[in-house]
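Here is the structure we will look at, set down as structure tokens.
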Amino acid sequence: MDPKKLREERAKLVKRMRELSDAINGDEKRDFTAEEQAEWEKLNGDYDALTRQIERAERLAQFDADERAGNNPDGRAGRDPVNNGDGADDPPADRRTSEPTAEDRALAFAGWCRLRMDLDPSAEQQAAAQRIGFRLDRKQLTVNLLPTPDIRRMQQAMAGVHPSLARRALGTVDVGTGGALVPEGVVPRLERAMLAFGGMLQVAEVIRTDGGGDLPWPTANDTGNTGRRVAESGPIATSGKDPSFAQQVLHAYKYTSDAVLVPYELLEDSAFDLAGVLADMLGERLGRILNTECTTGTGDAQPYGIIEASTLGVTAASATAIDPDELIQLIHSVDPAYRMNARFMLHDSVILYLRQLKDGEGRYLWQSGLQAGVPDTLLGYPITVNQDMASSVAASAKTVVFGQLGAYKIREVRGMRMYRLEERYRDYDQDGFVAFIRRDGTLIDAGTHPVKHLQQHA
């Protein structure tokens with residue numbers, strides 16, 4: 001559907017929502033009736049559904065534009081961001097008889113799935129594997145989640161900030177090592193699934209490294225020092241002007257998707273989109289745990305979540321309400337140096353609560369984005385939904401986060417390792433597919449507190 005028409009439909013919902021809110025915030029000063037509350041909740045649900053449709057429609061329009069322009073999914077001709085291991089035992093690149101095609105990738109992947117099920121890969125599958133230079137008896141695939149143009153567009157659209165992605169040694173994977181095995185589109189689909197679950201992967205800066213050793217991140221705070229005026233030939237200060245140096249360390253904690261069980265019948269059915277289903281399931285499982293721990297993690301043998309790592313900005317006067325002035329205070333509790341590209345992060349249920357709030361001049365704090373590429377805003381700042389944050393305005397809850405969310409760093413080590421478990425679930429006539437990743441996350445704070453939170457009164 002046309003994104004413009006969808007936005008026009010959404011604008012009608014916004015108008016009705018405001019009519020309802022004005023009815024109880026005007027002279028009547030009352031609560032919703034049961035009928036009005038039901039309508040309010042339905043309108044909010046319809047608004048969110050239309051927002052998702054708009055995002056999909058705009059994304060598909062961009063994909064169509066890319067295809068017309070002849071762009072590859074990863075933006076580089078003749079390369080695919082997937083490696084099936086160290087590649088030492090794969091056929092050399094010169095044994096490939098043609099450049100990889102989407103059909104060859106799909107056939108080779110199907111042959112890899114079938115090989116040790118007491119089913120021989122078809123001649124067509126073996127020929128496809130030969131053409132792309134891949135050994136079908138490999139047991140491990142390492143999927144390098146490199147930043148593709150469509151992933152960057154999704155991050156920018158959802159986060160409103162530029163995701164700086166460090167690739168290091170993962171940036172040049174040659175198809176001669178078997179990199180063309182996984183069907184085209186699986187890697188972006190896997191990364192989209194991880195991005196879609198939660199908000200942290202949308203707003204954090206992702207650092208991708210080739211090794212898993214501790215990664216020190218040095219910090220320096222010189223905000224307490226200023227220059228000074230001196231007399232002609234006057235001396236400079238020789239002490240008391242040193243900046244404060246420190247470092248934070250990113251580790252590499254191990255995560256697993258646990259096994260995704262696939263019945264024999266589906267593995268045998270060539271019409272079944274195994275690659276797509278695995279990408280969605282593995283990505284969603286890993287995305288959920290990463291978002292949870294990068295949001296609420298304690299930092300003790302796990303990531304240091306943004307809620308725990310952020311600094312108290314405002315304590316609400318009420319345990320069960322948020323005053324509009326408290327949100328303004330939260331914004332100004334963050335130094336102006338961090339308010340450029342700053343944004344709010346909160347649970348969807350808290351957004352529902354805030355949609356009814358007005359400032360002292362009767363203007364709504366929440367504004368719907370009515371134009372393409374313009375996100376919803378709260379007091380002029382974009383909003384990120386994070387379902388691992390507090391879901392209600394309750395005593396002591398940290399309900400709203402604000403600041404330079406890109407100061408949160410997520411460290412990713414190499415790619416995602418995927419294995420096929422052939423015998424473990426044989427009595428159920430199923431094969432298991434399992435993935436492992438190594439990740440960590442922390443908020444880089446040199447002492448100037450780029451991210452702060454609003455906490456309800458106890």
Of V434, V413, the only residue that is more than 18 Å from the chain's Cα centre (by Cα) and among the β-branched types (V, I, T) is V434
If I filter the stretch 310-322 for residues that are surrounded by 18 or more Cβ atoms within 10 Å (Cβ to Cβ), part of a helix (DSSP H, G or I) and not acidic (D, E), do I get at least one hit?
no
All-but-one check, Y47 against (1) under 17 Å from L354 (Cα atoms); (2) part of a helix (DSSP H, G or I); (3) at pLDDT below 85, failing number (3)
Within the stretch 427-445, the residues that are over 29 Å from L250 (Cα atoms) and either in contact (Cβ under 8 Å) with a residue 12 or more places away in the chain or part of a loop (DSSP other than H, G, I, E, B) (or both) are Y428, D429, Q430, D431, G432
Being in a strand (DSSP E or B) and within 15 Å of the chain's Cα centre (by Cα) is the filter here; which residues of the stretch 380-404 pass it?
I383, T384, V385
Would you confirm whether or not the stretch 399-415 contains a residue that is modelled with pLDDT under 95 and of a type in the set (S, T, N, Q)?
no
Anything in the stretch 20-39 that is at pLDDT below 85 and either within 15 Å of I351 (Cβ to Cβ) or among the charged types (D, E, K, R) (or both)? List them, or say none.
S21, D22, D27, E28, K29, R30, D31, E36
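Please work out if H457 is crowded, with 19+ Cβ neighbours inside 10 Å, modelled with pLDDT of 85 or more and in a loop (DSSP other than H, G, I, E, B). I'd like the intermediate steps shown before the answer.
Working: crowded, with 19+ Cβ neighbours inside 10 Å: no; modelled with pLDDT of 85 or more: yes; in a loop (DSSP other than H, G, I, E, B): yes.
For H457, the condition - crowded, with 19+ Cβ neighbours inside 10 Å, modelled with pLDDT of 85 or more and in a loop (DSSP other than H, G, I, E, B) - is not met.
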Testing G276 on (1) under 25 Å from the mean Cα position of the chain (by Cα); (2) in a loop (DSSP other than H, G, I, E, B); (3) surrounded by 14 or more Cβ atoms within 10 Å (Cβ to Cβ), one condition comes back false. Which one is that?
(2)
Considering residues of the stretch 292-306 that are among the β-branched types (V, I, T) and crowded, with 23+ Cβ neighbours inside 10 Å only, the residue farthest from G406 (Cα to Cα):
T295
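Restricting to the stretch 415-426, give me the number of residues that are more than 30 Å from V249 (Cβ to Cβ), of a type in the set (K, R) and part of a strand (DSSP E or B). Talk me through it step by step, then tell me what you get.
First, pick out the residues of the stretch 415-426 that are more than 30 Å from V249 (Cβ to Cβ): 420-426.
With the extra rule that they be of a type in the set (K, R), the set shrinks to 420, 424, 426.
Checking which are part of a strand (DSSP E or B) leaves us with 420.
Final tally of qualifying residues: 1.
For the stretch 414-431, which residues satisfy the criterion of being in contact with a strand residue (DSSP E or B) (Cβ under 8 Å, 6 or more places away or on another chain), surrounded by fewer than 18 Cβ atoms within 10 Å (Cβ to Cβ) and of a type outside the set (F, W, Y)?
Quick first cut of the stretch 414-431, residues in contact with a strand residue (DSSP E or B) (Cβ under 8 Å, 6 or more places away or on another chain) only: 414-422, 424-425, 428-431.
With the extra rule that they be surrounded by fewer than 18 Cβ atoms within 10 Å (Cβ to Cβ), the set shrinks to 417, 419, 421-422, 424-425, 428-429.
Result: R417, L421, E422, R424, D429.
Step by step: first the residues of the stretch 323-353, then only those that are part of a helix (DSSP H, G or I) and polar (S, T, N, Q), then the one that is farthest from L405 (Cα to Cα). Which residue is that? Even if it seems obvious, please write down each step before you answer.
Within the stretch 323-353, the subset part of a helix (DSSP H, G or I) is 324-333, 336-338, 348-353.
Still in the running and polar (S, T, N, Q): 329, 333, 349.
Numbers: Q329: 18, S333: 15, S349: 20 Å.
So the residue we want is S349.
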Meets criteria (in a strand (DSSP E or B), within 30 Å of W112 (Cβ to Cβ) and out of contact with any His (no Cβ under 8 Å at 6 or more places or on another chain)) for E412:
yes
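The values are calculated or read from the model by the stated rules, or taken from the named source; none is laboratory data. Worth saying up front: this structure is predicted, and the values here are computed from it rather than measured. Cβ coordinates were reconstructed from backbone atoms using ideal geometry, including for glycine residues, and neighbour counts include every protein chain displayed.
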